[in-house]
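Working notes for the structure below.
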Amino acid sequence: PSHYNLGILLEKERKDFDGAEAAYRAAIVADPGLAVAHDNLANLLHNKREDMDGTEAALRAAITANPRNAHMYNKLGDLLYKERNDVDGAAAAYRKAIAADPGYADAHLGLGGVLTLGLTSPEDIAAADLDTAEAHLRKAAALYSSGTPSYRRAHLALGNVLYKRGYAMEVHATSLRSEELLASAATLYEKAVEHSELGGTSASYLVQVRTRVQKNPCRPRRDAGGSGG
């Protein structure tokens with residue numbers, strides 16, 4: 001499509017963003033089903049205009065043009081989460097990305113992350129769907145190549161979920177005086193350390209988690225600082 005190709009030329013080679021925007025819009029008028037034109041327009045409006053309303057509209061138009069495009073759903077999820085603080089909307093978009101492509105790692109990471117937002121008290125943690133969050137983060141970690149930044153982010157997020165689960169379980173176990181639950185909490189803390197180390201987290205965080213392991217009278221026998229999967 002001539003207008004679309006002109007838009008790419010103007011944006012990438014000439015740095016003429018006004019001209020590129022006009023060309024992308026002309027391409028969309030000529031062919032409303034041209035998803036890549038909507039996508040490029042969304043990128044331009046986000047990166048060069050900081051126009052979040054326009055970006056969201058362009059992404060939704062791209063999805064309408066190609067409802068099976070997992071990448072567009074994932075980009076919409078990122079926008080809703082990072083720019084709109086719309087956690088529910090972001091989660092819904094990530095779920096649609098996964099439905100379109102079950103192997104889309106970024107969507108698993110995004111969904112696992114938004115499902116754990118704002119959890120500070122044991123009550124909040126206990127009420128959250130951390131089983132689902134953990135499952136998606138494990139899927140993301142398995143899909144990313146070892147050692148990449150995304151792989152590390154997935155393990156950091158997974159370590160955080162395990163830590164939160166351990167904390168909630170420890171509080172619950174203490175109130176019940178349950179050594180079995182305390183032992184389970186200690187195991188979760190240990191696994192939180194393992195995944196956090198894979199993610200390259202800060203030393204201060206590891207000290208915090210290891211301290212909880214060491215204080216737990218039912219901690220696992222093996223060294224809590226060991227690495228694993």
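The values are calculated or read from the model by the stated rules, or taken from the named source; none is laboratory data. Quantities reported herein were computed from a predicted structural model and do not represent experimental measurements. Virtual Cβ from ideal backbone geometry, glycine too; neighbours counted across all protein chains shown. Side chains are part of the model used for accessible areas, which takes the heavy atoms of the whole protein and leaves out ligands, DNA and RNA. Shrake-Rupley method; radii C 1.70, N 1.55, O 1.52, S 1.80 Å.
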Item to check | Every residue from the range 173-186 that is of a type outside the set (Lys, Arg) and either exposed (fewer than 15 other Cβ atoms within 10 Å of the Cβ) or modelled with pLDDT of 85 or more (or both) | outcome: 174, 175, 176, 179, 180
Checklist entry - Do the conditions hold for residue 151, that is, is it more than 30 Å from residue 28 (Cβ to Cβ), of a type outside the set (Asp, Glu) and open to solvent by less than 60 Å² (accessible area, probe 1.4 Å)? => result yes
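Taking the condition in contact with a helix residue (DSSP H, G or I) (Cβ under 9 Å, 6 or more places away or on another chain), free of Cβ contacts under 8 Å to residues at least 12 places away in the same chain and open to solvent by less than 60 Å² (accessible area, probe 1.4 Å), does residue 121 pass? Working first, answer last.
Values: in contact with a helix residue (DSSP H, G or I) (Cβ under 9 Å, 6 or more places away or on another chain): yes; free of Cβ contacts under 8 Å to residues at least 12 places away in the same chain: yes; open to solvent by less than 60 Å² (accessible area, probe 1.4 Å): yes.
Against the criterion (in contact with a helix residue (DSSP H, G or I) (Cβ under 9 Å, 6 or more places away or on another chain), free of Cβ contacts under 8 Å to residues at least 12 places away in the same chain and open to solvent by less than 60 Å² (accessible area, probe 1.4 Å)), residue 121 qualifies.
Matching residues to (1) in a loop (DSSP other than H, G, I, E, B); (2) open to solvent by 40 Å² or more (accessible area, probe 1.4 Å):
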residue	(1), (2)
15	yes, yes
27	no, no
36	no, yes
39	no, no
53	no, yes
56	no, no
62	no, no
74	no, no
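Take residue 99 and decide whether it is open to solvent by 60 Å² or more (accessible area, probe 1.4 Å) and either part of a helix (DSSP H, G or I) or over 26 Å from residue 153 (Cα atoms) (or both).
Working: open to solvent by 60 Å² or more (accessible area, probe 1.4 Å): yes; either part of a helix (DSSP H, G or I) or over 26 Å from residue 153 (Cα atoms) (or both): yes.
So residue 99 fits the description; yes.
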Next on the checklist: I'd like to know if the range 189-201 contains one or more residues that are out of contact with any Pro (no Cβ under 8 Å at 6 or more places or on another chain) and at pLDDT below 80.
Outcome noted: yes
